[in-house]
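Okay, structure first, notes after.
The values are calculated or read from the model by the stated rules, or taken from the named source; none is laboratory data. These numbers come from a predicted model, not from an experiment. Virtual Cβ from ideal backbone geometry, glycine too; neighbours counted across all protein chains shown. When the accessible area is computed, the model is the full protein with side chains, heavy atoms only, and any ligands, DNA or RNA have been set aside. Shrake-Rupley method; radii C 1.70, N 1.55, O 1.52, S 1.80 Å.
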Amino acid sequence: MARVRSADYDIVIGEDCPRALRLFLDKHKFSGVFIICDENTIAKCLPQLIIKCPQLSGSEVIELESGENSKSIQVCEQVWQTLLEANAGKDTLIVNLGGGVVSDTGGFCASVYKRGVPFINIPTTLLAMADASVGGKTGINCFSVKNSVGTITQPAGVFIDPAFLKTLPVRHYLNGLAEIYKMALISNMSFWKKLSGTKKLKIGELILKSVKLKNEIVVRDPLDKGIRKILNFGHTTGHAIESASLEAGGDILHGEAVVAGMMIESHLSMQKKLISRKTLDQIIKVLKGKFGLIPLPQPEQMLRYLKNDKKIRSQQYLLPLINGTGSCKIDVPVSEEQIMTSILFIKELSS
Ligand SMILES: NC(=O)c1ccc[n+]([C@@H]2O[C@H](COP(=O)([O-])OP(=O)(O)OC[C@H]3O[C@@H](n4cnc5c(N)ncnc54)[C@H](O)[C@@H]3O)[C@@H](O)[C@H]2O)c1
């Protein structure tokens, strides 16, 4: 088992999670516990959790519909209604048992309900274990714009038990790996080299490495004012792809969009002379080999969403771009034209 200390909570990883969770619940004596799940985590994860942690057996379960569409204000209203009808007070605990959709939505609901009640994340997808459950970003999508409303509120604890991954479909497994590759590419050259190699790596180690790297960055910059922005590498264009897909009723996953976004933004890094053509080719080879490439929406459609992005200032987009494998620079100004060139370059590869 590993325990990673964040600003004021612990991230517990490994087989000792249930014991750590039981101790956490004994220590805090919450007046009520609400477990937020979706239909898949209710069926596949909740029974295991209750067996391992019987204190949770009397908790009220709030079920969201699985999928990105649950990150909406309407779903939050239903969660708040349930909490209000149960007279849930400030000493209520929200348990987010699920992937990034559950932790983003449940975390957001908890962070503003009665001006904030504690919540913990028990991630059940690889993406949520390696990334979304850590760092305190909560949020929902508004008018198809990804994560346009949210808070930065740290959880009271994160309990990562890789045993939950046994039932995760392969597509969602790869989706989570995408964020692990991103973490390596922006912050750790030797980790990137390992991932680029042929040796099979243990998933527990990948999760631990990714969580440690993310946590170090978040602890230095919890409010996303400086260094934390490197975590957004691949996400500006990735979110535009996801938003366009959401609007069209498509089912592109977050990690799939981020892989395409990383390729586009690596090409931008080359345009800005931060990496060489050789490095770009190596990155694309590794990412394409591992994840393939999804068909991209029309560049004009992506541009509409890019304009909505939080990172635009005086007609220039300020993006985190890599300046080597394992290194990233924040707030690099790029023009709309440069973004279009990179989108078209990657679109060409995917057609
Ligand atoms: N807050 C952050 O820092 C952060 C970081 C990265 C991504 N995100 C967000 O995370 C979301 C994506 O999260 P995700 O990829 O985990 O998707 P998800 O929550 O939609 O889960 C993926 C699918 O797997 C199912 N599932 C979950 N656990 C399972 C299990 N153990 N066995 C079988 N099925 C299981 C779910 O029901 C769902 O159908 C996006 O909305 C993204 O914006 C947030």
Review point. Scanning segment 68-95 for residues that are open to solvent by less than 50 Å² (accessible area, probe 1.4 Å) and of a type in the set (D, E, K, R), which turns out nearest to His28 (Cα to Cα)?
Key: Lys71
Point to revise | Residues of segment 23-43 classified as of a type in the set (D, E, K, R), in a helix (DSSP H, G or I) and within 16 Å of the ligand (Cβ to nearest atom), total | key: 1
Revision key, fill the gap. Within segment 287-310, residues being surrounded by fewer than 20 Cβ atoms within 10 Å (Cβ to Cβ) and more than 16 Å from Leu344 (Cα to Cα) number 7
Review point. Residue check: is Val219 open to solvent by less than 40 Å² (accessible area, probe 1.4 Å), aliphatic (A, V, I, L, M), over 15 Å from Lys146 (Cβ atoms) and in contact (Cβ under 8 Å) with a residue 40 or more places away in the chain?
Key: no
Revision key, fill the gap. The helices (runs of 4 or more DSSP H) lying wholly within segment 244-350 that contain at least 1 residues that are of a type in the set (Gly, Ala, Ser) are 254-271, 277-291, 336-350
**Study point:** Selected residue (criterion: nearest to Thr124 (Cα to Cα)) from residues of segment 176-227 that are touching a strand residue (DSSP E or B) at 6+ places or on another chain (Cβ under 8 Å) and among the β-branched types (Val, Ile, Thr)
**Key:** Ile207
Practice item. Evaluate segment 214-226: report whether one residue or more is under 18 Å from Val4 (Cα atoms) and among the basic types (Lys, Arg). Key: yes
Revision key, fill the gap. Apart from one, (1) at pLDDT below 95; (2) within 15 Å of the ligand (Cβ to nearest atom) all hold for Leu46; the odd one out is (1)
Check your understanding: Is one or more of the residues making up segment 53-60 among the hydrophobic types (A, V, I, L, M, F, W, C), touching a residue at least 60 places away in the same chain (Cβ under 8 Å), away from the ligand (no atom under 11 Å from the Cβ) and not in a helix (DSSP H, G or I)?
Key -> no
Revision key, fill the gap. When segment 288-302 is checked residue by residue, the ones that are charged (D, E, K, R) and touching a residue at least 24 places away in the same chain (Cβ under 8 Å) are Lys288, Lys290
Exercise for review: Filter segment 230-261 down to residues that are free of Cβ contacts under 8 Å to residues at least 40 places away in the same chain and more than 13 Å from the ligand (Cβ to nearest atom) and give me whichever is most open to solvent (accessible area, probe 1.4 Å).
Suggested key: Gly249
Practice item. Write out, first by first residue and then by second, each pair whose Cβ atoms fall under 9 Å of each other, whose residues are 6+ apart or on separate chains, and whose first residue, in segment 149-172, is open to solvent by 20 Å² or more (accessible area, probe 1.4 Å) and small (Gly, Ala, Ser) while the second is more than 10 Å from the ligand (Cβ to nearest atom) and assigned to a strand (DSSP E or B). Key: Ala156/Leu93; Ala156/Phe119; Ala156/Ile120
Exercise for review: Give Ile264, Ile275 a once-over and let me know the one that is open to solvent by less than 30 Å² (accessible area, probe 1.4 Å), in contact (Cβ under 8 Å) with a residue 60 or more places away in the chain and of a type in the set (Val, Ile, Thr).
Suggested key: Ile264
Point to revise | Selection count, segment 104-140, where residues are open to solvent by 10 Å² or more (accessible area, probe 1.4 Å) and within 8 Å of the ligand (Cβ to nearest atom) | key: 7
